[in-house]
Amino acid sequence: MENKSYPAHDANKVRWNASANNWALAADSRGIWKECHKDPSLVFSEQLLPHFKELKDKKVCVLGSGDNEAVFAFAGMGAKVTSVDISQKQLDVAAERAKILNLEIDFIQQDVAKLNKLEDESFDLVYTGGHVAVWVSDLNAYYSESSRILKKGGHFIVDEYHPFRRVWEGSKEQLIVGYNYFNRGPFKFNYNDDVLYHKEGSLESFEFHWTLSDIINTMIQSNCSIQEVHEYGDGYEDWEMAPMKGLPEFLLVISRKNA
Ligand SMILES: C[S@@+](CC[C@H](N)C(=O)[O-])C[C@H]1O[C@@H](n2cnc3c(N)ncnc32)[C@H](O)[C@@H]1O
């Protein structure tokens, strides 16, 4: 596992490092990062929150932590949080913010497909999502690593952008299927350093369109038992380039690692 190379991830890392400033500005415009350690409902949906009732002193790992809003929310609930991201620049921004919020967090730069800095069976909860799987070429390695670092009986929770959202062409007026749902990619783009409102640029980006059954089956194959599946949200935001109102926004899968 450790020696396997993922050239698409290396390219994505360069882009996420280059985009860290813009991503931090986008988080500033929402303002959630400053408040979510006091109010986790700013980050977690009503479907998720009931699963986070007893996190005091529990070990939680957030994979692909990005803006770290989930990390700060878990820390505010009293959990001992490890924040993992492939982009050191993203982690640097988050570490600065954690200092401002007076939160103690372990920040670790790692590829979610190769978590060799993290020990077997060391976490009570592994949480990942909000647009992470789309950057990962090896879903099997990603989820089996997630399961490996989880204690037996611990929760593995995936809360991802819904796969149905990834098939549309960029057209604000009507929904036009631009990508076959069953084509997982890789889709290669050359973008600038704005991840939300991207334009053509010199940064290579590789995306993967995992289907709903890919996510669920890979979790099952990673020695986890599915407890709940939710599809929720039905609006759409300005950065989304297709009028998807009425389609599910998120896919939430709650699972437990088998004893
Ligand atoms: C869209 S963010 C998702 C997290 C958070 N919900 C957010 O919106 O900021 C995507 C994050 O995943 C990270 N990422 C992408 N590929 C990764 C990989 N292979 N391993 C670890 N992190 C990765 C990126 O660096 C980025 O910080």
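Only one entry in Leu48, Leu25 is at negative phi and touching a residue at least 40 places away in the same chain (Cβ under 8 Å), namely Leu48. Candidates Ser213, Ser146: the one that is surrounded by 15 or more Cβ atoms within 10 Å (Cβ to Cβ) and either within 19 Å of the chain's Cα centre (by Cα) or among the β-branched types (Val, Ile, Thr) (or both) is Ser146.
Checked against (1) touching a Phe, Trp or Tyr at 6+ places or on another chain (Cβ under 8 Å); (2) hydroxyl-bearing (Ser, Thr, Tyr); (3) over 26 Å from Asn21 (Cβ atoms), Tyr197 passes all but a single condition, namely (3).
Just to verify a result, which residue in region 162-190, among those that are farther than 26 Å from Ser65 by Cα and of a type in the set (D, E, K, R), is most open to solvent (accessible area, probe 1.4 Å)? The residue in question is Glu173. Quick check, is Asp159 within 16 Å of the ligand (Cβ to nearest atom), open to solvent by less than 30 Å² (accessible area, probe 1.4 Å), within 30 Å of Gly246 (Cβ to Cβ) and touching a Phe, Trp or Tyr at 6+ places or on another chain (Cβ under 8 Å)? Spelling it out, Asp159 is indeed within 16 Å of the ligand (Cβ to nearest atom), open to solvent by less than 30 Å² (accessible area, probe 1.4 Å), within 30 Å of Gly246 (Cβ to Cβ) and touching a Phe, Trp or Tyr at 6+ places or on another chain (Cβ under 8 Å).
Return yes when Gly153 is in a strand (DSSP E or B) and on the phi > 0 side of the Ramachandran plot and no when it is not. So Gly153 fits the description; yes. Residues in region 216-232 that are within 10 Å of Leu251 (Cβ to Cβ) and open to solvent by less than 60 Å² (accessible area, probe 1.4 Å): Ile216, His230, Tyr232.
For Ala79, the conditions (1) more than 20 Å from Leu115 (Cβ to Cβ); (2) among the small types (Gly, Ala, Ser); (3) over 15 Å from the mean Cα position of the chain (by Cα) all hold with the exception of (1). The residues in region 197-210 that are surrounded by fewer than 17 Cβ atoms within 10 Å (Cβ to Cβ) and in contact with an Asp or Glu (Cβ under 9 Å, 6 or more places away or on another chain) can be counted, and the count is 2.
The values are calculated or read from the model by the stated rules, or taken from the named source; none is laboratory data. Computed from a predicted model, the values in this text were never measured in an experiment. In this analysis, Cβ positions are derived from the backbone assuming ideal geometry, glycine residues included, and neighbour counts consider all displayed protein chains. What goes into the accessible areas is simple: the full protein's heavy atoms, side chains included, and nothing from ligands, DNA or RNA. Shrake-Rupley method; radii C 1.70, N 1.55, O 1.52, S 1.80 Å.
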